[in-house]
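No lab work stands behind these numbers, since they all come straight from the coordinates. Predicted, not measured: the structure shown is a model, and the values here were computed from it. Please note: Cβ atoms are built from the backbone with ideal geometry, for glycine as well, and neighbour counts cover all protein chains shown.
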Amino acid sequence: MSDRTQPSRPRVPKSLDLKLARIQADPSCRDFILADAKDADMAFGLSAPGQSPEYYGQEARFRTLTEYRQLMREIVHQGLVDIMLMSASSSEVLTIQERLFDGSHVTPAIRANDTTDIWLAAGSGRYPSQPALPFRTATIDHAQCGKSACAPDERHLGANLGLYSITLNNDTELDRQTLEAYKTFRLEAEQKGFRHFLEVFDPNAPGEHAPADLARFINDHIARLLAGVTRRGRPVFLKIVYHGPAALEALVRYDSSVVVGILGGSAGTTFDAYHMVWEAKKYGARVALYGRKINNAEHQLSFVRHLRAVADDQIEPAEAVRAYHGDLQKLGIRPQRPLADDLQQTDTASSYAGTSRARTVAGGTESRPVSGPAEPDFSKMTQAEKVQWNLDRWKRILG
């Protein structure tokens, strides 16, 4: 262990565990789990920490990794999220060396794999345009104790929860490889007492074989793959793209023992962020993992405070946006957009659904059907257009 490792502090019960127990006992309960997803360095590299507050114009000036981790500390100390999702290297610093989570009810988690479709380094446009292949940089032992092989009494030192992601492309051979890799991880995790939650991405490069009903394709694959997994090997919850009320409600209704969560996607407006949690909870989601939506906020602590209030049924989304802008004014922080614009719901936030879109009406929202395909006709696109479409899509999803 590092000489810089701080002595352990008394551990406190984790809100994640308490909420999961209550949700499992009563799926209709109103508990809601929030995660701050600050694992983007596993995907984007230098741009992962987000734009530095002092950037000007369109200059690509980003925060440093040190600043990124300081934001993690501040969010954990605030105590309003239930999970802090990090890369294994950030977790080593904060969880193992600093013992940041010992006296906190926030649970540390790491991104357990980095499949090729999230290799989003600048200039590497080919990766996300090609079908996802399984890959893991992080190991369970490194997450748990910071080295390649943990002694039994060392496994509690680090993070004991990981995000494992899969992307299915409607291709038998490729999807079999993906599921074989997940099975291998799942068995190792069970042996080492490492919990995980499962992220199921939409197809990233299905070519001419894009599922006709994308939401049903994802729901059916989730139900099918979990059917072969007994309780000890199952993910503690799911993380999926929000495809709208009908798809979410169908998945939640199918098996009430499965806790379903949504990923946040792109930053969009503040209303996008708050409304997505509000609507997803209404239709059965009990978890939300927000990356860019938190990281791009003008003041992350204030943003999270109002997000927590929405998630806990204390405030409506539009009211939360107004309250957030009030905080920015008190703090002397110039908002990225005027209040009226920040109360709009953008297409970006609802583009995954394919079934509903909301528009602002007198400070509230109104849902209405949306027709048309959820994806473009890939057969009519050039290779360059396919590459750009995939890059834009992953930027929206991963944040």
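For ILE315, the shell of other residues with beta-carbons less than 10 Å away shows a net charge of -2, using +1 for Lys and Arg and -1 for Asp and Glu. By other beta-carbon atoms within 10 Å, ranking VAL76, VAL277, VAL236 with the fewest at the front produces VAL236, VAL76, VAL277.
Taking each residue as 0.36 nm, the span from ASP327 to ALA250 lengthens on full extension beyond its C-alpha to C-alpha distance by 23.9 nm. Put in line by how crowded their Cβ is, counting other Cβ atoms within 10 Å and starting with the fewest, ARG136, ARG337 read ARG337, ARG136.
Extension gain, ASP102 to PHE135: 0.36 nm times the residue separation minus the Cα-Cα distance gives 8.8 nm. Exposure proxy for ASP153, ASP39: other Cβ atoms within 10 Å of each Cβ, ordered fewest to most, give ASP153, ASP39. What FRET efficiency, computed as 1/(1 + (r/R0)^6) with R0 = 41 Å and r the Cβ-Cβ distance, is obtained for LEU225 and GLN51, rounded to the nearest 0.05? After rounding, the FRET efficiency stands at 0.65.
The residues neighbouring ASP26, those whose beta-carbon lies less than 14 Å from its own, together hold a net charge of +3 under the Lys/Arg +1, Asp/Glu -1 convention.
Near TYR68: Cβ cut-off under 15 Å, other residues only, Lys/Arg at +1 and Asp/Glu at -1. The net charge is 0.
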